[in-house]
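Reading through the structure tokens given below for one structure.
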2 protein chains.
Amino acid sequence: MSLTRKLCSLGSHRVLEPAGALPQGARKLDATPVAHANEILCDVEALNIDSASFRQIVEASGGDPSAVAAHVLALVEDRGKHHNPVTGSGGMFIGRVRAVGEQLAERAGVKAGDRIASLVSLTLTPLRIDAIERIDMATGRIWIRGTAVLFETGLYATLPDDLPDDVALAVLDVAGAPAQVKRLVHAGQTVAVLGADGKSGMLACAQARERAGAAGRVVGFGPDRSTAAAQLLVEHGYVDAFVECDARDVLCVLGKLPEVLPELADVTINCVNVPGTELASILLTKDHGIVYFFSMSTSFTAAALGAEGVGKDVTMIVGNGYAKGHAATALQTLRDHPPLRRYFIERFGAAAIATAPPVVPVS
Amino acid sequence: MSLTRKLCSLGSHRVLEPAGALPQGARKLDATPVAHANEILCDVEALNIDSASFRQIVEASGGDPSAVAAHVLALVEDRGKHHNPVTGSGGMFIGRVRAVGEQLAERAGVKAGDRIASLVSLTLTPLRIDAIERIDMATGRIWIRGTAVLFETGLYATLPDDLPDDVALAVLDVAGAPAQVKRLVHAGQTVAVLGADGKSGMLACAQARERAGAAGRVVGFGPDRSTAAAQLLVEHGYVDAFVECDARDVLCVLGKLPEVLPELADVTINCVNVPGTELASILLTKDHGIVYFFSMSTSFTAAALGAEGVGKDVTMIVGNGYAKGHAATALQTLRDHPPLRRYFIERFGAAAIATAPPVVPVS
């Protein structure tokens, strides 16, 4: 990178190609491990790959961890970032600040040595991987040795003291979901959550329950009602009902509605990590209701044309990974709900990860 | 199609593959020209191909009208609908009702012989093309001989008496845009319209001007300020400023903001028909503002990750082609604004089309 290139708050000075692009739209970034005046350089410990992206990579690699590692290495080497060209998505990282650029020293709120989690997507984060150490095939976490760069507009959170790092990272990765649900849902409303037993879905259910209150109704949807997560949601009353249905199967979902959701939903939250669930989300929702698509597998045209095609006057919102205070809201959601907290620690905590069979050393 | 298959209000009985899909998600529909009990069969006169889809087909055909015709014929023959697999979008049709199924006779509001325009996407409409007669390479209108089927939940509008058919069709095709702008924009707000000089953009500007009022501010963006449409918007005060900028060039757009939009927009309407304009839309908008993506070229992940990547707390809405009363709102927008009406008649009216060079007979 030319030292004379003007530094940009959005990081365009790191774009290698095409000219004039910003980091997220760029094909390739310069991931050179230095902190320019308006950057923060971090030593990365682990990547939390976006669920849709990881699923695609695992499938493309035939489920073999070594092939997944090779795939990720090649991808990051090629693009200077983990930006999956198939899914368009990335993930986030956890690491330690190595250096803060001189322009940010006063206002970055972090100093060298602090442990942070990035809250911006890996699709725009200059990333260099020196080695991949371990992969958790169940959660999409990859432990690496390497470096990443945060820009002036980039978001990050100092890791909290009262939660294991792994758990905090799992929560921060989907921090937008509970924060948006908190804004959207009001007392007494009926809320449908698709993919309710996933990470973002569970946090969304907990927030929906809080906001909708006892007079409201929360209905979760997922492909398997026997999972620990689904059972937790039912047992602790985070959902009033859990419907076992593949959300891609619109006719199945429609068939269940008379029994579980005859009034349809005021707000539908889509947290599913497979494509093809837009229409079910729309049909679940009342006219003038809201469909909030948090899933990165959402197709814009399938949503837009799906609603038009069935003559449904609903407001469809693109899940914004950022909302003011979203990291605090997401972490607080976990603290406020001990059953969720226990589940997340068991599922995503370091101890669980260290002993679970799907964690595969690849270095 | 088996006569014993159960008729579905959403049209799933017309799906040939895959099993269990609904028409929009289906790879292939049965376009047999009969009206089942809950269907309306129409003789199609013309297709209005979605702008993103037509652009892709023209590019793939090297700009040759005969190749475009062959491309469309093959596509519709293959899928039983005009559902462009590259863009995911379709368009709409104009035609005459041939038969109304017995279950709809009382409530369809139309009878055999009525001239209507479909308000649902061609991506879910069973379509059979017997011959392509003419193509307007400038507007994406294709005159055909063929048939289409509307389902029980399908939307359509009887063509109005006071506007030429071609003009009504052009307006109805983008009817969602002015209807949504009418809902979203409030007095005194600042509104940015990207792709302001296109069909949906002009109607959006007119509605934004009406709603924002004299105390508000409407700024249009487009690649060429010398077009008739751009000049009309400026001359008649539909926009306070027209900014010449390619919306894909984020750094260019950002460079113009201090001069034309220092306060940023409360509401940004994206009506651009090329990919890659999500980030500019987001950066134009205030925190807690609204970005309304009407463009079918919008990438869901580019929008979601783009906002997160720049730490922008905006509400991003997927343009729903349907809103209650949208056809009436869109047509009324044209009636209420004589300069727009004149422009649309000149640009999309039958006389203009009959004499303009880009209309190419291909039969």
Residue satisfying condition, being more than 17 Å from B:ARG211 (Cβ to Cβ), at pLDDT below 95 and surrounded by fewer than 24 Cβ atoms within 10 Å (Cβ to Cβ), within set B:GLY321, B:GLY311, B:GLY306, B:GLY325 | B:GLY311
Segments classed as helices (runs of 4 or more DSSP H), wholly inside the range A:276-356, with at least 1 members that are more than 7 Å from chain B (Cβ to nearest Cβ) and touching a Ser or Thr at 6+ places or on another chain (Cβ under 8 Å) = A:278-283, A:338-348, A:350-355
Scan the range A:76-92 residue by residue and report those that are outside any loop (DSSP other than H, G, I, E, B), within 26 Å of A:ASP165 (Cα to Cα) and modelled with pLDDT of 95 or more.
-> A:VAL76
The residue from A:VAL34, A:VAL15, A:VAL58 that alone is more than 11 Å from chain B (Cβ to nearest Cβ) and either touching a His at 6+ places or on another chain (Cβ under 8 Å) or buried (at least 18 other Cβ atoms within 10 Å of the Cβ) (or both) is A:VAL58
Looking at (1) within 14 Å of chain B (Cβ to nearest Cβ); (2) modelled with pLDDT of 95 or more; (3) out of contact with any Asp or Glu (no Cβ under 9 Å at 6 or more places or on another chain), which is the one condition that is false for A:VAL174?
-> (2)
Within the range B:13-37, how many residues turn out to be free of Cβ contacts under 8 Å to residues at least 60 places away in the same chain, part of a loop (DSSP other than H, G, I, E, B) and of a type in the set (Asp, Glu)?
-> 0
Filter result (over 13 Å from B:THR315 (Cβ atoms), open to solvent by 20 Å² or more (accessible area, probe 1.4 Å) and either out of contact with any helix residue (DSSP H, G or I) (no Cβ under 7 Å at 6 or more places or on another chain) or of a type outside the set (S, T, N, Q) (or both)) within the range A:288-300 = A:HIS288, A:PHE294, A:MET296
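Got a sec? Which of B:ALA204, B:ALA214 is within 30 Å of B:PRO85 (Cβ to Cβ) and either open to solvent by 20 Å² or more (accessible area, probe 1.4 Å) or assigned to a helix (DSSP H, G or I) (or both)?
On the way: B:ALA214 fails: within 30 Å of B:PRO85 (Cβ to Cβ).
From the options B:ALA204, B:ALA214, the qualifying one is B:ALA204.
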Neighbours by Cβ (under 7 Å, 6+ apart or cross-chain): first from the range B:38-62, hydroxyl-bearing (Ser, Thr, Tyr); second surrounded by fewer than 18 Cβ atoms within 10 Å (Cβ to Cβ) = B:SER61/B:ALA67; B:SER61/B:HIS71
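Given the residues B:THR333, B:THR285, which is the only one that is modelled with pLDDT of 95 or more, polar (S, T, N, Q) and touching a strand residue (DSSP E or B) at 6+ places or on another chain (Cβ under 7 Å)?
Numbers: B:THR333 fails: touching a strand residue (DSSP E or B) at 6+ places or on another chain (Cβ under 7 Å).
None of the others qualify; the one that does is B:THR285.
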Just one of A:LEU41, A:LEU29 is modelled with pLDDT of 95 or more and within 14 Å of another protein chain (Cβ to nearest Cβ); which is it?
-> A:LEU29
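From the list A:LEU233, A:LEU251, which residue is in a helix (DSSP H, G or I) and more than 14 Å from chain B (Cβ to nearest Cβ)?
Numbers: A:LEU251 fails: more than 14 Å from chain B (Cβ to nearest Cβ).
Testing whether each residue is in a helix (DSSP H, G or I) and more than 14 Å from chain B (Cβ to nearest Cβ) leaves just A:LEU233.
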Pairs with Cβ under 8 Å, 6+ apart, first in the range B:303-322 and within 14 Å of A:ILE282 (Cβ to Cβ), second open to solvent by less than 10 Å² (accessible area, probe 1.4 Å) and among the acidic types (Asp, Glu) = B:ASN320/A:ASP313; B:TYR322/A:ASP313
Candidate set: the range A:232-290, residues that are more than 24 Å from the chain's Cα centre (by Cα) and of a type in the set (Lys, Arg); chosen: the one farthest from A:PRO338 (Cα to Cα) | A:LYS286
Within the set of pairs 6 or more residues apart or between chains, which connect a residue that is closer than 30 Å to B:THR87 by Cα inside the range B:97-125 to a residue that is among the β-branched types (Val, Ile, Thr) and part of a loop (DSSP other than H, G, I, E, B) with Cβ atoms less than 7 Å apart?
-> B:VAL97/B:VAL110; B:ILE116/B:VAL110; B:SER118/B:THR125
Any chance the range A:171-180 includes a residue that's open to solvent by 20 Å² or more (accessible area, probe 1.4 Å) and touching a helix residue (DSSP H, G or I) at 6+ places or on another chain (Cβ under 6 Å)?
-> no
Please give the number of the condition A:VAL185 fails out of (1) closer than 24 Å to B:MET316 by Cβ; (2) β-branched (Val, Ile, Thr); (3) free of Cβ contacts under 8 Å to residues at least 24 places away in the same chain.
-> (3)
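Going residue by residue through the range B:109-123, is there one that turns out to be within 14 Å of chain A (Cβ to nearest Cβ), in contact with an Asp or Glu (Cβ under 7 Å, 6 or more places away or on another chain) and either closer than 23 Å to B:ARG55 by Cβ or open to solvent by less than 10 Å² (accessible area, probe 1.4 Å) (or both)?
At the first step, the residues of the range B:109-123 found to be within 14 Å of chain A (Cβ to nearest Cβ) are B:109, B:117-123.
When the remaining residues are screened for being in contact with an Asp or Glu (Cβ under 7 Å, 6 or more places away or on another chain), the result is B:120-121.
If we keep only those that are either closer than 23 Å to B:ARG55 by Cβ or open to solvent by less than 10 Å² (accessible area, probe 1.4 Å) (or both) as well, we get B:120-121.
Yes, the range B:109-123 has at least one match.
Could we say that B:ASP166 is closer than 28 Å to B:GLY140 by Cα and among the acidic types (Asp, Glu) here?
Numbers: closer than 28 Å to B:GLY140 by Cα: yes; among the acidic types (Asp, Glu): yes.
Yes; evaluated as a whole, the condition is true for this residue.
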Which ones in the range A:110-156 are within 18 Å of the chain's Cα centre (by Cα) and at positive phi?
-> A:GLY140
Would you mind telling me which numbered condition in (1) modelled with pLDDT of 90 or more; (2) open to solvent by less than 40 Å² (accessible area, probe 1.4 Å) A:ASP162 fails?
-> (2)
Criterion (open to solvent by 40 Å² or more (accessible area, probe 1.4 Å), in a loop (DSSP other than H, G, I, E, B) and more than 24 Å from A:LEU334 (Cα to Cα)) met by exactly one of A:ALA187, A:ALA138, A:ALA105 | A:ALA105
If we keep just the residues of the range A:235-260 that are open to solvent by less than 70 Å² (accessible area, probe 1.4 Å) and modelled with pLDDT of 95 or more, which is farthest from A:VAL181 (Cα to Cα)?
-> A:VAL243
Out of curiosity, is B:SER89 open to solvent by less than 10 Å² (accessible area, probe 1.4 Å), within 14 Å of chain A (Cβ to nearest Cβ) and touching a residue at least 12 places away in the same chain (Cβ under 8 Å)?
-> yes
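The values are calculated or read from the model by the stated rules, or taken from the named source; none is laboratory data. None of these values were measured; they are calculated from a predicted model. Here Cβ is always computed from backbone atoms with ideal geometry, including for glycine, and neighbour counts include all displayed protein chains. Protein only, heavy atoms only, side chains kept; ligands, DNA and RNA dropped before computing areas. Shrake-Rupley method; radii C 1.70, N 1.55, O 1.52, S 1.80 Å.
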